[in-house]
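Below is one structure, written out as structure tokens; comments come after it.
The values are calculated or read from the model by the stated rules, or taken from the named source; none is laboratory data. Computed from a predicted structure; not experimentally measured. Virtual Cβ from ideal backbone geometry, glycine too; neighbours counted across all protein chains shown.
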2 protein chains.
Amino acid sequence: MSTVEELQKKVRDLEAKLAAVQGNVAPVRQKIDVMSAEVVDSNPYSRLMALKRMGIVDNYEKIRELSVAVVGVGGVGSVTAEMLTRCGIGKLILFDYDKVELANMNRLFFQPHQAGLSKVDAAAATLQAINPDVTIDAHNYNITTVDNFQKFCDTISTGSLTGGPVNLVLSCVDNFEARMAINTACNELSQNWFESGVSENAVSGHIQFIVPGETACFACAPPLVVASNIDEKTLKRDGVCAASLPTTMGIVAGFLVQNALKYLLGFGTVTHYLGYSALTDFFPTMCLKPNPQCSDSQCVTRQKEVRARPPPVELAAEVCEDVGPLHADNSWGICLIDENAPEEEDSSNLRLVDGVQVAYSVALDSSTESSTGGAVAASELSLEDLMAQMKSM
Amino acid sequence: MSTVEELQKKVRDLEAKLAAVQGNVAPVRQKIDVMSAEVVDSNPYSRLMALKRMGIVDNYEKIRELSVAVVGVGGVGSVTAEMLTRCGIGKLILFDYDKVELANMNRLFFQPHQAGLSKVDAAAATLQAINPDVTIDAHNYNITTVDNFQKFCDTISTGSLTGGPVNLVLSCVDNFEARMAINTACNELSQNWFESGVSENAVSGHIQFIVPGETACFACAPPLVVASNIDEKTLKRDGVCAASLPTTMGIVAGFLVQNALKYLLGFGTVTHYLGYSALTDFFPTMCLKPNPQCSDSQCVTRQKEVRARPPPVELAAEVCEDVGPLHADNSWGICLIDENAPEEEDSSNLRLVDGVQVAYSVALDSSTESSTGGAVAASELSLEDLMAQMKSM
């Protein structure tokens, strides 16, 4: 363990080095008090504020009051954090406990000179240089241990710019355990969140919006929800690693932040579940209702609260507008889970929890059973039909 | 105890800041002679070479022999170049004549300290630091002037690593004139290319694969093909600019590079035309045949060459495999061009060139006429039906 004196000396040395290096580099931009729509080359917000003039967003400036937690700052999470930073989000809270490695260089964001640094610290420094207006809070720990889980819950429930709960949690983790921890925390705190994932063969991914009590949580129907629950660390021990591509990860991060922006700034329609299959450019969507027998008792409690709510007035109406299937008659399809991964479980092994309700509509087209997917459209289909169809893939 | 922790945190922060500032200065990773699949933290290619073990790509190493030209290094082009660099492309040829401005900071890639630098030079420096194995060739000129157009043609016809034509041209420009210049060059040189675009309201985009003589070129049916032909420079003079989002641009770049990789490395199915409508997460696909009366005489010449080819043997078979509608019965839909842009031309003004053939199949579902889109599926529809449907949107 380093002594206080040694550390103080190291801080002084680093501060001096930083000052020397910064002297040779162009000064980064200053903080900006108020977002302006002025069209000048020096305004980093002109293209975003133009969303108002274009009739897309009513009040773009609202983004400065919002706080988002990004859990996992890897291939998807780092790009997610960068997009939110460039959009001028008020506060960003980052969680990760991994270090940057050269093996991560096949994805966007981190650069070779950051190898060896903690991901959250390296990310925070880059993001702060990109946009000094964003408040960035970096947490370098594993949220799945008992102590850290409580710290995580406390942080997301008091982490907003005004000391309240964050506006949204984005899950960008790469393993089942961390997803379950986020799910448990969000069910307990009634915190809306997005789950995301990329398959271990790198050619499919998904995002899913979870509103505790209103939509299926991660424990309600894991096999339908998890596109990949591979833990790279476990695999690495055998000299084997998951494949990944900057394209798939960038696209999934783009879908995640785009739907987060739609939810936070109130434009467009938030998609419940959006899948991406790169081999065929197939984009399944669906909506899963919560499982009344969910193993997470807090999910069941949230479901009771939702049922006890008076029907569509104020709050309920707002939630429906954000997450409801506005065009349910033609926009949902079945989710094909990673049909190209040779090592994945056969889909006939789907451990579908009793009582799960699948809210979707899908066309039984002659070609739908092709394992390469394709667009699916509107009609009714029972859960049994869906299972049979999945087994035949 | 907390003092030591605080100091350790400060040291980490300073190290990260120093690393971020040193970005273009600090020594980066060394060149690597041969791509290895070895699973170690120091191998930047392990996750890409894993695509072979996963059965996705037969010969990933081939990427090191390939050359790609990226025309336009803005919101889409810079991310496109970064993705290809991280994938280990052999050679990247960049074209742009613009400078980095703070007004570009709402998109990925460029950072505030690069403001004032030429986009190609700033990009080349960052990309070379990310991956020194890639040969990067930066061209800082406007390809639309007479002299530069010839230089552009010469560069793409002799720019490969072995002095031959590049393997692919990716258009990431933001105006009609530049797209037409690329189209003219590629028709003349029989050069396959991808066109890309993002709408001026920032919430839709598209990519399109163009094989001269086989698919519609940019001059065959411009209104169906151009999602946006806004020239930001013209607009800026009036104190007005196009809106843009890092999400939409990142997603379009992801689609572009993903389909480029599928084409170059021979996996999956290359999509002819893939659209993205962010408000509803709608992804139209279609395939346009070339116009026999195309105004570009070189396009007409290429069409004659294609018709004169003996039917599906060797080369022809290969091309069909890459670009053909393998699942034409359910994977094409109509393209809704930017239905949410308030200032765009009414779709009833579509100047569809005589003789254009639209190759698609689409379901006439009760909800298909909704302006918000939705998945469309298999059935036959005449061009007249399509036009009527578009007018009703």
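The figures follow:
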| quantity | calculated |
| --- | --- |
| Unique match (being closer than 20 Å to residue A:247 by Cα, basic (Lys, Arg) and crowded, with 19+ Cβ neighbours inside 10 Å) among B:86, B:53 | B:86 |
| In region B:185-212, the residues that are closer than 21 Å to residue A:55 by Cα and assigned to a loop (DSSP other than H, G, I, E, B) | B:199, B:200, B:201, B:202, B:203 |
| Filter result for residue B:164 (away from chain A (no Cβ under 11 Å) and free of Cβ contacts under 8 Å to residues at least 24 places away in the same chain) | yes |
| Any hit, region B:78-90, residues being over 25 Å from residue A:84 (Cα atoms) and touching a Ser or Thr at 6+ places or on another chain (Cβ under 9 Å) | yes |
| Members of region A:7-37 that are modelled with pLDDT of 80 or more, exposed (fewer than 13 other Cβ atoms within 10 Å of the Cβ) and either in contact with a helix residue (DSSP H, G or I) (Cβ under 6 Å, 6 or more places away or on another chain) or charged (D, E, K, R) (or both) | A:31, A:33 |
| Evaluation of residue A:189 against (1) crowded, with 22+ Cβ neighbours inside 10 Å; (2) modelled with pLDDT of 95 or more; (3) among the hydrophobic types (A, V, I, L, M, F, W, C) (one fails), failing number | (1) |
| Selection status of residue B:142, under 25 Å from residue B:270 (Cβ atoms) and among the polar types (S, T, N, Q) | no |
| Qualifying residue in region A:68-80 (condition: surrounded by fewer than 23 Cβ atoms within 10 Å (Cβ to Cβ) and either assigned to a helix (DSSP H, G or I) or aliphatic (A, V, I, L, M) (or both)) | no |
| Failed item, numbered, when residue A:215 is tested on (1) of a type outside the set (D, E, K, R); (2) part of a loop (DSSP other than H, G, I, E, B); (3) modelled with pLDDT of 95 or more; (4) more than 27 Å from residue A:293 (Cβ to Cβ) | (4) |
| Matching residues, region B:33-54, being of a type in the set (A, V, I, L, M, F, W, C), in contact (Cβ under 8 Å) with a residue 40 or more places away in the chain and not in a helix (DSSP H, G or I) | B:35 |
| Identity of the residue in region B:95-123, among the hydrophobic types (A, V, I, L, M, F, W, C) and touching a strand residue (DSSP E or B) at 6+ places or on another chain (Cβ under 7 Å), that ends up surrounded by the most Cβ atoms within 10 Å (Cβ to Cβ) | B:95 |
| Which numbered condition residue B:92 fails, given (1) touching a strand residue (DSSP E or B) at 6+ places or on another chain (Cβ under 7 Å); (2) facing chain A (nearest Cβ under 9 Å); (3) not aromatic (Phe, Trp, Tyr) | (2) |
| Region A:263-282, residues that are in a helix (DSSP H, G or I) and within 20 Å of residue B:206 (Cα to Cα) | none |
| Test for residue A:122: is it touching a Cys at 6+ places or on another chain (Cβ under 8 Å) and within 8 Å of another protein chain (Cβ to nearest Cβ) | no |
| Selection count where residues are part of a helix (DSSP H, G or I), out of contact with any Asp or Glu (no Cβ under 9 Å at 6 or more places or on another chain) and among the charged types (D, E, K, R), scope region A:55-67 | 3 |
| Of all residues making up region B:144-175, the number that are part of a helix (DSSP H, G or I), in contact with a helix residue (DSSP H, G or I) (Cβ under 8 Å, 6 or more places away or on another chain) and surrounded by fewer than 23 Cβ atoms within 10 Å (Cβ to Cβ) | 3 |
| Filtered residues of region B:243-283 (kept if surrounded by fewer than 24 Cβ atoms within 10 Å (Cβ to Cβ), small (Gly, Ala, Ser) and at the interface with chain A (Cβ under 7 Å from one of its Cβ atoms)) | B:268 |
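Let's see how each residue does on (1) over 22 Å from residue B:219 (Cα atoms); (2) modelled with pLDDT of 95 or more:
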site	(1), (2)
B:282	yes, yes
B:286	no, no
B:289	no, no
B:309	yes, no
